[in-house]
Each structure stands twice: as structure tokens, then as C-alpha cells.
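The block underneath contains the structure these notes are about, expressed in C-alpha cells.
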Amino acid sequence: MKIGILQTGKSPEQLAPTFGDYGNMFERMLDGRGFKFRIYDILENEFPASITEQDGWIITGSRFGAYEDHDWIPPLESLIRDLHAAKSPMIGVCFGHQIIAQALGGKVEKYAAGWSVGRVEYNANGKKLPLFAWHQDQVITPPKNAKTVASTEFCAHAALTIGNHIYTIQPHPEFDADFVTGLANTRAKGIVPDPQRLAAIESAKSPVATAYMADHFEKFLKQGQANG
């Protein structure tokens, strides 16, 4: 199965030589599961020529806001709407979660209560789902027909589904503990309040549900393709 990774952000330059960019993290997360990947550099306006160019899609995180004025955001939203109309399997993570929601009629804002960084336990259909968060923006109002399938008190709409072809999630299943620690020691300095930044480093010592989410992504992409 061919998966297009729509890369909307990049790792800090201090971390990229070790970890690669966000698209590379999804390649590692889903390695050995029968997928062939192509990364599209959306920041450089590299878009697929056709929605049928790949069988399924992943939209990555980004340091940019979905509501910001960038030349690549309108064509990305248009692509999302086309993929939705075709019921192509699509996963959005962090910014990807937000831009899909916004493109389909939802609302995204910079959350007044601030940042969520480090390991967070999400309530996912009554089960605890520990994952690494790294965001200030949030989906405030989901699109019509979206179902909220994970949440916390801080983040009411932490994961959404639309039909059987769209799954979006606010935290980062593709991040590992070393990358979270690296973010806390680079990009977060002077942006995330120090108590939260240091707490994120400490929280990264506890396990997260990476393997569970890799299984979930695989199943969703393959079943979404079959049911689309």
C-alpha cells in the first residue's frame, strides 16, 4: 500500500541529523507493515499531482498554526476536502489533526490555557492512552459528522474520526522520548514555560503507547482503503 506523507513541519536543525524530519518518524513508526512511503514537502508547495497518486495519506505536525496566512495552507485544505470527498484513508497528527478539522468546517484556536507538552494520558473510549503531546493550538469545534474519540480535561477534542476514512489525533505517536527531550532542550526554550518544559523532560522517562498506535494506524489505513 502506497502512503503519501504530507510533511508540514520539520525538526529543529539541532535534532534533524539524529532523528530526521517528521515524515521520517512516521516511516520508522510504520516500518515493516507493508507500506511504501513518499514524503511531500508541503512547506515548499510540493503537492501530489492527483488524489489517486497514493492509496492513503498522513499529515504531519508543524510549528505553524492552521489559521495562519501561508501560501501552502489553502491548497492543502483543498486537497483535504478532495480526499475527504473521495473517502481516501487519511490520518492527521497535531497540526494535521487541526488542519483537517479546519478544512472540513471546524475551528482551531491558540488555546488560552497555554501549552500541553510531554507525556499525557488521554481518555480514549474509557481506556487510558499515554502519548507525547506538544501543542498550544487546539481544535475547539470539530467539523460536522466528526466523532470525538479521545480527550482530556485540557484538550476536549484530542482525537476525531469522520466516517471510516479519517482519523486525526492531537498528540504525537511518532515522537519518542529522546526527541521529546530534544525538543524541550531546543525549540521549547523561551517559548514553553520552564516548569512545563522541565516536567516534559521528566515525563518522557515513562512509557507511551507507540506500538499500540502503530497497530491502530496500520489497521485504519488498510481498512479505510478497503471501505472507501
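Mind listing whichever residues of segment 109-128 are assigned to a strand (DSSP E or B) and surrounded by fewer than 23 Cβ atoms within 10 Å (Cβ to Cβ)? Result: GLU109, LYS110, SER116, ARG119, VAL120, GLU121, TYR122, ASN123, ALA124, LYS127, LYS128. Answer yes or no as to whether VAL180 is part of a loop (DSSP other than H, G, I, E, B), surrounded by 20 or more Cβ atoms within 10 Å (Cβ to Cβ) and in contact with a Phe, Trp or Tyr (Cβ under 9 Å, 6 or more places away or on another chain). No. Cβ-Cβ distances below 6 Å connect the following pairs, each with a first residue in segment 40-63 that is without any contact (Cβ under 8 Å) to a residue 12 or more places away in the chain, a second residue that is of a type in the set (Ser, Thr, Tyr), and a separation of six or more residues or different chains: GLU46/TYR40.
Within segment 146-195, if we keep just the residues that are charged (D, E, K, R) and out of contact with any Pro (no Cβ under 9 Å at 6 or more places or on another chain), the residue that is farthest from GLY126 (Cα to Cα) turns out to be LYS189.
Here is a yes/no grid of residues against (1) of a type outside the set (Asp, Glu); (2) over 16 Å from the mean Cα position of the chain (by Cα); (3) more than 22 Å from ILE42 (Cα to Cα):
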position	(1), (2), (3)
ALA66	yes, no, no
LEU83	yes, yes, no
GLY92	yes, no, no
ALA101	yes, no, no
TYR122	yes, no, yes
PRO142	yes, no, yes
LYS147	yes, yes, yes
SER151	yes, no, yes
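A search for C-beta distances below 6 Å between a residue of segment 23-38 that is touching a residue at least 12 places away in the same chain (Cβ under 8 Å) and any residue that is among the aromatic types (Phe, Trp, Tyr), counting only pairs 6+ apart in sequence or on different chains, returns GLU27/PHE37. Residues that are closer than 21 Å to GLN138 by Cα, within 18 Å of the chain's Cα centre (by Cα) and free of Cβ contacts under 8 Å to residues at least 40 places away in the same chain do occur in segment 161-184. Per the listing LYS147, LYS128, LYS110, the residue uniquely free of Cβ contacts under 8 Å to residues at least 60 places away in the same chain, out of contact with any Leu (no Cβ under 6 Å at 6 or more places or on another chain) and closer than 20 Å to VAL208 by Cα is LYS128. For segment 104-125, filtering for residues that are of a type in the set (Val, Ile, Thr) and out of contact with any strand residue (DSSP E or B) (no Cβ under 7 Å at 6 or more places or on another chain) leaves 0. Tell me which residues, restricted to segment 48-63, are under 18 Å from the mean Cα position of the chain (by Cα) and crowded, with 17+ Cβ neighbours inside 10 Å. Passing the criteria: GLY56, TRP57, ILE58, ILE59, THR60, GLY61, SER62. Just the residues that are within 29 Å of ALA199 (Cβ to Cβ) and of a type in the set (S, T, N, Q), please, taken from segment 96-119. Selection gives GLN98, SER116. Among the residues that make up segment 19-41, is at least one of them loosely packed, with under 14 Cβ neighbours inside 10 Å, modelled with pLDDT of 95 or more and within 24 Å of ASP137 (Cα to Cα)? No, segment 19-41 contains no residue that is loosely packed, with under 14 Cβ neighbours inside 10 Å, modelled with pLDDT of 95 or more and within 24 Å of ASP137 (Cα to Cα).
Suppose the filter is over 19 Å from the mean Cα position of the chain (by Cα) and of a type in the set (A, V, I, L, M, F, W, C); does ALA16 pass it? No.
The values are calculated or read from the model by the stated rules, or taken from the named source; none is laboratory data. Not measured: the values here are computed from a predicted model. Here the Cβ is made from the backbone with ideal geometry for all residues, glycine too, and neighbour counts use every protein chain on show.
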